[in-house]
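First the structure, in the form of structure tokens, and then the observations on it.
What follows draws every value from the coordinates through simple rules; no lab data is involved. Bear in mind the structure is a predicted one, so any value in this text is a computation, not a measurement. A quick note on method: Cβ atoms are made from the backbone with ideal geometry, for glycine too, and the neighbour counts reach across all protein chains shown.
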Amino acid sequence: MSFQVEIINIFLKSASDVLKQEVQADMKRGPIAMTMGKFPSDEITSVIALTGDIQGQVFYSMDNETAKKLISKMLYEEVRINDPKIQDGIAEMGNVITGNASIQLSQKGYECDISPPTIVKGKGLEISNFGIKTIKIPLKTQYGIVTMRIGVKKK
């Protein structure tokens, strides 16, 4: 199995497990695309860096309405779009998905650490992954679409 396919499968399993456990989401993968260079942000994006044997970044982007629905479900309370709990919740969700994936990567022999999440707010901002090919995977749920972008390489 190629490195890229292995990485995609690990992150897809982790995202599916976390979304099912945290918000009872039924996730379906949309079409996978490979991108290079800059890409536009969605309304809210969680960015997490990986270091060690695997280096790069993972991005979890969505519109505000999807974020509101996910975090409302996660917290068992209705939150408003400008509520700071949304940013905290989306950061934590990305952190848990990436953390679980890094454990699976370690079990495959790829030691890696993850950074604390960074939140980017604002639709259409340019984000760059510094020349690393980035795999774009839409994760369709009943709450909306979470776009996961994985831009990593072996050290």
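Overview of results
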read-out	value
Cα gyration tensor shape of segment 66-134, rounded if a/c is under 1.5, else prolate or oblate by comparing a/b with b/c	oblate
Dipole moment magnitude, nearest 20 debye, segment 1-146 about Cα centre, only Lys, Arg, Asp, Glu C-beta charged	420
Per DSSP, loop chymotrypsin sites (Phe, Trp or Tyr not before Pro) in segment 44-82 with at most 15 further Cβ within 10 Å	Tyr76
Cα gyration tensor of segment 3-154 - equivalent ellipsoid semi-axes, whole Å, descending	23, 17, 14
Ranked packing of 63-72, 82-91, most packed first, by mean Cβ within 10 Å	63-72, 82-91
Span-like helix ranges in the chain, DSSP H, alpha carbon extent 18 angstrom or more, Kyte mean at least -1.0	3-23, 84-107
